[in-house]
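One structure is given here, and the rest of the page talks about it.
The values are calculated or read from the model by the stated rules, or taken from the named source; none is laboratory data. Worth saying up front: this structure is predicted, and the values here are computed from it rather than measured. No Cβ is skipped: glycine too gets one built from the backbone with ideal geometry, and neighbour counts run over all protein chains shown. Protein only, heavy atoms only, side chains kept; ligands, DNA and RNA dropped before computing areas. Shrake-Rupley method; radii C 1.70, N 1.55, O 1.52, S 1.80 Å.
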Amino acid sequence: MSNYDPSLLEQWDKQYVWHPFTQMQQYLREKPLIIERGEGSYLIDVEGNRYLDGVSSLWVTVHGHCHPELNRAIKEQLDSIAHSTLLGIANVPSILLAKKLVEITPPGLNKVFYSDNGATAVEIALKMAFQYWQQKDGGRYRRKTKFISLVNAYHGDTIGSVSVGGIPLFHNIFKPLLFECLHAPAPYCYRCPLSLERESCKMACLNQLERLMEEHCEEVAALIIEPLVQGAAGMITAPDGFLRRVRELCSKYNILLIADEVAVGFGRTGRLFACEHEDVTPDLMCLAKGITGGYLPLAATLVTDEIYRTFLGEPEECKTFYHGHTYTGNPLACAAALANIELFEKTDLLASLQSKIELLRRGLNKFWDLPHVGDIRQRGMMVGIELVVDKETKEPYDIKEQIGHRVILEARKRGLIIRPLDNIIVLMPVLSISKEELNRVLEIVYESIEAVTGK
Ligand SMILES: *Cc1c(COP(=O)(O)O)cnc(C)c1O
């Protein structure tokens, strides 16, 4: 039990805290869940209740909560120093981590620029891509100032990253503040924007992308994409070969490719990075979420030598990248990230993941029997279960129904914490989860969907 009085904490939470992506009026009506401890795949609340962590604490936890080696790495670093700046000087863990990141990411990404979250990693990639074209070859390409992103994309919540985002529910209100962005169709095959079938479409949506590129390549700096899975859009999984083709088109039309691996990176798709599945090297790559194993805020934007070199010059040439966050390269976070990567190697996590991915796939098959499960999408350890009013017409539930929210409250009663995206139930188990725990997650989710939507 907690050292604090749980009812007092509930009262103060409601009195003082404004929660992100949360309708507080709804939140205030419900009993808050207050986490106090973590253990492996479990979260434990102030009343001592144990819950499986079914979304890796919003897509970050890798080796489990309270892992002794991650704890030790941070404590050891803490005894040396908690923070020193990277503005003009260096620190030990950030050097070691940068070397490691260059070694483990796709070949060609040789420089690491740090920040502290996914949105800033994206913001940095956008600004670098923009400035690159301003400075390349004496300004020959200065007209390349625009970006292409996919419909339904999510790249974070700062104004720049929202500008390349495409989720109407989150982004519409901010439209007047955003810079212009060109949107290409997303491979949302369940609700194909071209009304085609995945089996026979030959990825016709890519022809639209190519036409967009053909028309605008002179003014486009970069295309940004979430490789293989559009996460926040509802775990929209791209067909095999889609990413590869996007890479080819970017090269053909002289457009930089920014891979936002914030969600898919660090093992979620079954490989260390999603780009590896299709042998793709982006020009810029954004990492965050799983980079510290879910311990501390840290992000990195990796770039090629070609981009880096364009920023070199004498101070008076003003080619410097004038961007930086105060906690850039924080030593505690970098130490956690190093320990996280070492654990991948030591435990051979990616190898052990393959049979869990298969278990998840087989377990999910059964969900097709449920009358309101319209689509099930899985890539590695990332899952989206789309609930619909009617399977035939694919009619979505109205937002008023709060169908996803009701399902996750049922799951909570049964000892599982998940968080939906609108009508889509998301599963993103901790990568170190045991098969028994994974089976339990599947059982609870099945029962919870059944309890809310019927048999
Ligand atoms: C979560 C996410 C971000 C934003 O990361 P934050 O750390 O929340 O700023 C960016 N891109 C993708 C693909 C994400 O899933």
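Sum up the charges of everything whose Cβ sits under 14 Å from the Cβ of residue 118, counting Lys and Arg as +1 and Asp and Glu as -1, but leave residue 118 out. Taking every other residue near residue 118 into account, the sum is -4.
Given a 1.4 Å probe and the protein chains as shown, residue 277 ends up with an accessible area of around 60 Å². Using a 1.4 Å probe over the heavy atoms of the protein chains, calculate the carbon and sulfur portion of the accessible area of the chain as a whole percent. Carbon and sulfur: 53 percent of the exposed surface of the chain. Among 196-206, 17-27, 213-223, the peptide with the highest mean count of other Cβ atoms within 10 Å heads the list, and the full ranking is 213-223, 196-206, 17-27. Candidates 217, 287, 441 compared by Cα position along the dipole of the chain: farthest toward the positive end lies 217, with charges placed on Cβ. With the simple model of a label 7 Å out from the Cα in the direction of the Cβ, residue 361 to residue 172 spans 3.8 nm.
As a ratio to 2.2 N^0.38 Å, the alpha-carbon radius of gyration for the range 133-192 is 1.35. The residues of the chain have, on average, 46 Å² of accessible surface per residue, using a 1.4 Å probe with all protein chains present. Basic side chains Lys and Arg get +1 at the Cβ, acidic Asp and Glu get -1 at the Cβ, and with that the dipole of the chain about its Cα centre reaches some 280 debye.
Taking the convex hull of the alpha carbon positions in the range 327-455 and averaging its projected area over all directions gives 10.0 nm².
Among 48-61, 368-381, 134-147, the peptide with the highest mean count of other Cβ atoms within 10 Å heads the list, and the full ranking is 48-61, 368-381, 134-147. What does the C-alpha gyration tensor say about the overall shape of the range 42-88? Classify as rounded when a/c is under 1.5, otherwise prolate if a/b is larger than b/c, or oblate. Verdict is prolate for the range 42-88. For residue 198 and residue 306, a Förster radius of 25 Å and the Cβ-Cβ distance give a FRET efficiency of 0.10, rounded to the nearest 0.05. For the range 282-347 and the range 378-402, what is the separation of their C-alpha centers, rounded to whole Å? About 36 Å separates the Cα centre of the range 282-347 from the one of the range 378-402. Electrostatic bookkeeping for residue 259 treats Lys and Arg as +1 and Asp and Glu as -1; over the other residues with beta carbon under 10 Å from its beta carbon, the sum is -3. Scalar couplings 3J(HN,Hα) for the range 157-171, obtained by applying the Karplus form with A = 6.51, B = -1.76, C = 1.60 to θ = phi - 60°, are 10, 7, 4, x, 6, 6, 4, 9, x, x, 9, x, 4, 7, 9 Hz; x denotes Gly and Pro. Annotation: the range 1-101 has a Kirkwood hydrodynamic radius of 16.9 angstrom, from the mean reciprocal C-alpha pair distance. Only beta bridges with both residues in the range 182-311 are counted; by DSSP, about 45 percent of them are antiparallel. Across the alpha-carbon set of the range 97-176, the Rg to Rh ratio works out to 1.03, Rh being the Kirkwood radius. Taking the centroid of alpha carbons for each part, the range 176-216 and the range 37-110 are 36 Å apart. Going by the alpha-carbon gyration tensor, a ≥ b ≥ c the square roots of its eigenvalues, is the range 317-389 rounded (a/c under 1.5) or, if a/c is not under 1.5, prolate (a/b greater than b/c) versus oblate? Taking the square roots of the gyration eigenvalues as a ≥ b ≥ c, the range 317-389 is oblate.
Looking at the square roots a ≥ b ≥ c of the eigenvalues of the Cα gyration tensor of the range 240-346, which shape do they give, rounded for a/c under 1.5, prolate if a/b is larger than b/c, or oblate? Oblate is the answer for the range 240-346, as a/c is 1.5 or above yet b/c matches or exceeds a/b. Once you have the Kirkwood Rh of the chain from its Cα pairs, apply Stokes-Einstein at 20 °C and 1.002 mPa s and quote D in µm²/s. The Stokes-Einstein estimate is 93 µm²/s. Here is how the number arises for the chain: DSSP H runs of 4 or more residues each give -39500 (n - 2.57), the sum is divided by the residue count, and the result at 222 nm is -11000 deg cm²/dmol. Here's the picture: charge each Lys and Arg Cβ at +1 and each Asp and Glu Cβ at -1 in the chain, and of 41, 347, 128 the one pushed furthest to the positive end of that dipole is 128.
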